[in-house]
1. Please go through (1) more than 22 Å from the chain's Cα centre (by Cα); (2) surrounded by 15 or more Cβ atoms within 10 Å (Cβ to Cβ); (3) part of a loop (DSSP other than H, G, I, E, B) for residue 257 and return the number of the only condition it doesn't satisfy.
2. Give the residues of region 438-463 that are under 22 Å from residue 384 (Cβ atoms) and either in contact with a strand residue (DSSP E or B) (Cβ under 6 Å, 6 or more places away or on another chain) or part of a helix (DSSP H, G or I) (or both), sorted by residue number.
3. If only one of 304, 354 is surrounded by 24 or more Cβ atoms within 10 Å (Cβ to Cβ), of a type outside the set (Gly, Ala, Ser), farther than 15 Å from residue 219 by Cα and modelled with pLDDT of 95 or more, which one is it?
4. Out of (1) farther than 24 Å from residue 184 by Cα; (2) in contact with a helix residue (DSSP H, G or I) (Cβ under 6 Å, 6 or more places away or on another chain); (3) at pLDDT below 95, what's the single condition that is false for residue 425?
5. Hey, can you tell me all the residues within region 284-297 that are part of a strand (DSSP E or B) and either surrounded by fewer than 23 Cβ atoms within 10 Å (Cβ to Cβ) or free of Cβ contacts under 8 Å to residues at least 40 places away in the same chain (or both)?
6. Here are some residues: 371, 366, 350, 328. Which one is in contact with a Gly (Cβ under 9 Å, 6 or more places away or on another chain) and closer than 30 Å to residue 169 by Cβ?
7. Listed residues 230, 246, 162, 217; which is in contact (Cβ under 8 Å) with a residue 24 or more places away in the chain, closer than 27 Å to residue 355 by Cβ and not in a helix (DSSP H, G or I)?
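The values are calculated or read from the model by the stated rules, or taken from the named source; none is laboratory data. These numbers come from a predicted model, not from an experiment. Cβ coordinates were reconstructed from backbone atoms using ideal geometry, including for glycine residues, and neighbour counts include every protein chain displayed.
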Amino acid sequence: MGDMRKGCVVGILVLGIVAITAVLGWILFPRVVAALPAQVRLYLPEEVIRAASTPLPTALPAPAFTPQSVALIPTLALPTSTPSPTPTIPATYTAVFPHTETQIPTSEAPTPITDNRLPITPTPTPSPPHPGVFAALTLSPPPPAHRITGLAVIAQRFNNCGPANLTINLAYYGHRVDQLDVAAQMRPQYEDRNVTPWELATYVNEQTPLRASVFSGGDLDTLKRLIAAGYPVVIEKGYEPNDWQGWMGHYLTLIGYDDATQQFTSLDTFLGPWDSSGRAESYDYISTYWQHFNNVFYVVYPPEQADTVLALLPPALTNPLTMWQQAAEVAQAETIANPANAYAWFNLGASLTELGHLTGDQSYFANAAAAFDQARTIGLPWRMLWYQFWPYEAYLAVERADDVLTLANATLSSGGGQEEAYYYRGLAYLAQGNPAQARLDFEQAVNWNPTFTAVQEALAAMR
């Protein structure tokens with residue numbers, strides 16, 4: 001009997017220890033996963049990461065419009081001006097967003113971009129593009145196939161597809177630099193998850209003799225036209241290597257295409273092949289996953305060839321105002337065609353946010369916030385805000401700081417979007433009247449990336 005009682009006591013103690021261990025493990029599980037090196041976390045099942053992270057929350061309140069609504073884009077009245085015989089594109093476009101600063105520099109006066117972040121204050125409406133030659137220009141269709149030679153693929157270091165693809169393009173023009181040296185300029189913290197196309201263009205324009213320009217709302221014909229003229233093109237796109245790892249963002253250099261096979265040829269820094277023969281990706285695949293990043297692309301070129309590159313672009317892309325207007329209209333049409341497409345709603349929100357900053361029209365921000373609500377309600381990948389930050393902008397502009405805090409906290413818990421998430425969370429705390437917490441977040445952002453100029457300015461303004 002004594003042995004039985006003793007065995008019961010031992011059994012209860014063992015069960016108690018197991019239960020306590022399980023509870024502690026459950027409590028500490030997110031911290032343990034978060035403390036793992038990024039190289040290890042990358043190979044954990046997506047469900048493990050999701051279980052250890054705060055999920056990207058759906059929108060509350062629900063969107064204020066139905067998916068069938070078409071009255072989202074306010075009428076954009078462009079001021080009139082006397083046509084110029086040739087288009088005049090500023091060396092850099094000075095606006096609140098870096099996304100609108102990377103228009104093609106003129107060959108006469110290339111001016112480097114100095115700010116690569118996202119201030120909030122609106123600016124006056126910019127001048128429209130001059131109609132002139134390019135407004136009436138009908139671009140010739142690209143030839144049925146072309147392949148650029150003389151490029152060598154580079155195997156990216158961990159989480160370094162942005163700098164790796166950039167070095168491929170710089171080397172094509174004879175400017176050789178190591179991908180880690182490029183990364184050190186933009187993501188000094190090894191754990192930093194992303195560099196934007198605009199940051200990459202800033203590096204080219206400020207640190208090299210070459211030039212780079214970024215555009216959103218591209219199409220396949222534009223990619224082909226640039227390739228056929230001998231310019232490799234870098235796109236940012238969604239990427240799902242497998243169900244195990246889930247969705248993420250990825251850069252890809254396109255160097256060829258063939259209408260007969262309906263395929264692009266790419267140099268993939270993650271998948272290879274490593275003999276530089278190129279990897280075939282179907283037009284449908286590129287169209288589907290490129291949409292996840294609003295069809296953004298950038299081109300590197302010698303400064304004296306700026307006019308040549310300009311002539312290869314659709315007229316709408318040669319001015320930020322018309323570029324984002326067109327991108328918004330395309331995204332809106334896609335939401336009508338497929339109301340369940342969260343990426344189309346996200347792209348609509350991004351484009352409207354840019355238009356709000358360019359025009360100072362508050363209704364753009366209200367519609368952008370509603371579009372982001374719809375995207376979140378449908379469901380976005382949990383890594384989405386590692387790469388794209390427009391929801392923070394739109395919600396701050398319509399005084400929804402709570403949403404910014406919710407999204408930033410969820411993003412930081414998943415291990416991504418580090419300096420940007422801290423920066424926007426700091427702005428949200430400022431909007432709520434909590435400067436002490438805002439300062440802590442701004443300092444965290446600077447610790448992650450000392451080159452983050454907007455957060456340095458925010459800290460200076462608090463002194």
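1. Among (1) more than 22 Å from the chain's Cα centre (by Cα); (2) surrounded by 15 or more Cβ atoms within 10 Å (Cβ to Cβ); (3) part of a loop (DSSP other than H, G, I, E, B), the lone unmet condition for residue 257 is (3).
2. Result: 441, 444, 445, 448, 454, 455.
3. After ruling out the rest, the residue left standing is 354.
4. (3)
5. Residues satisfying the conditions do not exist here.
6. So the residue among 371, 366, 350, 328 that is in contact with a Gly (Cβ under 9 Å, 6 or more places away or on another chain) and closer than 30 Å to residue 169 by Cβ is 328.
7. Testing whether each residue is in contact (Cβ under 8 Å) with a residue 24 or more places away in the chain, closer than 27 Å to residue 355 by Cβ and not in a helix (DSSP H, G or I) leaves just 217.
Here's the yes/no breakdown for (1) polar (S, T, N, Q); (2) farther than 23 Å from residue 364 by Cα:
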{"residue": "391", "(1), (2)": "no, no"}
{"residue": "394", "(1), (2)": "no, no"}
{"residue": "397", "(1), (2)": "no, no"}
{"residue": "400", "(1), (2)": "no, no"}
{"residue": "403", "(1), (2)": "no, no"}
{"residue": "412", "(1), (2)": "no, yes"}
{"residue": "415", "(1), (2)": "no, yes"}
{"residue": "428", "(1), (2)": "no, no"}
{"residue": "432", "(1), (2)": "yes, no"}
